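**Q** Structure incoming, see below.
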Amino acid sequence: MNDLSLGLRQARFENKAFWRNPAAAFFTFAFPLMFLFIFTTIFGNDTSTTPTGEEVSNSTYYVPAILAFSVINACYTNIAISTAFSRDQGILKRVRGTPLPAWSYLLGRVLHATVIMLVLVVIVAAFGVLAYDIDLPTGTLLPFLVTLAVGAAAFSALGLAVTAIIPNAEASPAIVNASILPLLFISGVFIPTDAAPAWLTRLADVFPIKHYADAIFASFLGSGSGWRGTDLLIVAAWGVGGLLLALKFFTWEPRR
């Protein structure tokens, strides 16, 4: 059996383990919907300006915004936290001592996160159609799927990279959320930033979340061709940087 097949088998194992914890699975999928409902309820039927310059209702705005959050949550937050817990429990150390190639094991985790991300995207999009009469991006489906794939790869790599600064499993939720939540607020995911100070917008431009949110908005709402090539290249560059950091600093043994 080749290394790729082993990675696919590991992904199936990760998927089975995930669904055997129904409480965790339920809240994984309920969390984005909860945010979508809260934001659309709080901000009502007012309009917001998307990163592509369109004036849309808040329900239309928050569906692609929460889609971007779903990708980041599944492929960055969940990978970083679950990997830190597996490391502290000695699971990574035991896996490293088996014939299973290291990259096959990590590929399995990334593929599992990608599956969860796709399920989240379907659920959020379906909720948007049923509850808010949102149009699906049929005309820009290819850009939308490419944007999902780039985001899954990049944020998975960043999720593995950030484990290098997590000292133990108990600290992982605090560190991971501290690294991501402020950026979600200043990047137009949780709150529209059309009236934000210029310096805050420039700060958000440094990080990948704003660029990824912009790409999701363009591809989901069908703005122009739906492609945001520069934004996707920036997100991909962050992903490559995360991969290089993970290759250098990722550890398999619990930290003392």
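**Q** Hey, could you check segment 55-65 for residues that are under 17 Å from residue 212 (Cα atoms) and touching a residue at least 60 places away in the same chain (Cβ under 8 Å) and say which is surrounded by the most Cβ atoms within 10 Å (Cβ to Cβ)?
**A** Residues of segment 55-65 under 17 Å from residue 212 (Cα atoms): 61-65.
With the extra rule that they be touching a residue at least 60 places away in the same chain (Cβ under 8 Å), the set shrinks to 61, 63-65.
On the way: 61: 25, 63: 26, 64: 27, 65: 29.
That would be 65.
**Q** Looking at 77, 114 in this structure, which one is assigned to a helix (DSSP H, G or I), in contact (Cβ under 8 Å) with a residue 60 or more places away in the chain and either closer than 30 Å to residue 188 by Cα or not hydrophobic (A, V, I, L, M, F, W, C) (or both)? Spell out how you get there, then give the answer.
**A** Values: 114 fails: in contact (Cβ under 8 Å) with a residue 60 or more places away in the chain.
Only one candidate passes the filter, namely 77.
**Q** Given the criterion touching a helix residue (DSSP H, G or I) at 6+ places or on another chain (Cβ under 6 Å), part of a loop (DSSP other than H, G, I, E, B) and either under 21 Å from residue 154 (Cβ atoms) or touching a residue at least 24 places away in the same chain (Cβ under 8 Å) (or both), identify the matching residue among 40, 52, 83. Can you show your working first?
**A** Details: 40 fails: part of a loop (DSSP other than H, G, I, E, B); 83 fails: part of a loop (DSSP other than H, G, I, E, B).
That would be 52, the only listed residue that is touching a helix residue (DSSP H, G or I) at 6+ places or on another chain (Cβ under 6 Å), part of a loop (DSSP other than H, G, I, E, B) and either under 21 Å from residue 154 (Cβ atoms) or touching a residue at least 24 places away in the same chain (Cβ under 8 Å) (or both).
**Q** In addition: If you check residue 134 against the conditions, is it at pLDDT 85 or above, buried (at least 20 other Cβ atoms within 10 Å of the Cβ), under 15 Å from the mean Cα position of the chain (by Cα) and not charged (D, E, K, R)?
**A** Details: at pLDDT 85 or above: yes; buried (at least 20 other Cβ atoms within 10 Å of the Cβ): yes; under 15 Å from the mean Cα position of the chain (by Cα): no; not charged (D, E, K, R): yes.
Criteria not met by residue 134.
**Q** For segment 86-103, which residues satisfy the criterion of being surrounded by fewer than 21 Cβ atoms within 10 Å (Cβ to Cβ) and in a helix (DSSP H, G or I)?
**A** Looking only at segment 86-103, we keep the residues that are surrounded by fewer than 21 Cβ atoms within 10 Å (Cβ to Cβ), and these are 86, 88-91, 93-103.
Scanning segment 86-103 gives 86, 88, 91, 93, 94, 95, 96, 102, 103.
**Q** If the requirement is being more than 17 Å from the chain's Cα centre (by Cα), hydrophobic (A, V, I, L, M, F, W, C) and within 26 Å of residue 250 (Cα to Cα), which of these qualifies: 23, 74, 80, 11? Before the answer, list the steps.
**A** Working: 23 fails: within 26 Å of residue 250 (Cα to Cα); 74 fails: more than 17 Å from the chain's Cα centre (by Cα); 80 fails: more than 17 Å from the chain's Cα centre (by Cα).
Within the list 23, 74, 80, 11, the selection yields 11.
**Q** A follow-up question, please. Which of the following residues is among the hydrophobic types (A, V, I, L, M, F, W, C), over 14 Å from the mean Cα position of the chain (by Cα) and modelled with pLDDT of 90 or more: 113, 126, 149, 157? It would help to see each step written out before you state the result.
**A** Values: 113 fails: over 14 Å from the mean Cα position of the chain (by Cα); 149 fails: over 14 Å from the mean Cα position of the chain (by Cα); 157 fails: over 14 Å from the mean Cα position of the chain (by Cα).
Just one listed residue meets the conditions, 126.
**Q** Another one. It is to be established whether one or more residues within segment 179-200 are in contact (Cβ under 8 Å) with a residue 12 or more places away in the chain, over 30 Å from residue 132 (Cβ atoms) and surrounded by 15 or more Cβ atoms within 10 Å (Cβ to Cβ).
**A** For segment 179-200, residues in contact (Cβ under 8 Å) with a residue 12 or more places away in the chain, over 30 Å from residue 132 (Cβ atoms) and surrounded by 15 or more Cβ atoms within 10 Å (Cβ to Cβ): present.
**Q** Further, regarding this structure: Pick from segment 228-256 the residues that are farther than 18 Å from residue 101 by Cα and assigned to a loop (DSSP other than H, G, I, E, B): which of them is modelled with the lowest pLDDT?
**A** 256
**Q** Just a yes or no: is a residue in segment 210-229 crowded, with 22+ Cβ neighbours inside 10 Å, closer than 24 Å to residue 40 by Cβ and polar (S, T, N, Q)?
**A** yes
**Q** Would you confirm, using the coordinates I've provided, whether residue 124 is loosely packed, with under 14 Cβ neighbours inside 10 Å and outside any loop (DSSP other than H, G, I, E, B)?
**A** Details: loosely packed, with under 14 Cβ neighbours inside 10 Å: no; outside any loop (DSSP other than H, G, I, E, B): yes.
No.
**Q** For segment 5-19, state whether one or more residues are part of a helix (DSSP H, G or I), touching a Phe, Trp or Tyr at 6+ places or on another chain (Cβ under 9 Å), under 27 Å from residue 137 (Cα atoms) and hydrophobic (A, V, I, L, M, F, W, C).
**A** no
The values are calculated or read from the model by the stated rules, or taken from the named source; none is laboratory data. Here the structure is a predicted model, which means the values were calculated and not measured. For neighbour counting, all protein chains shown are included, and Cβ atoms are generated from backbone atoms with ideal geometry for every residue, glycine included.
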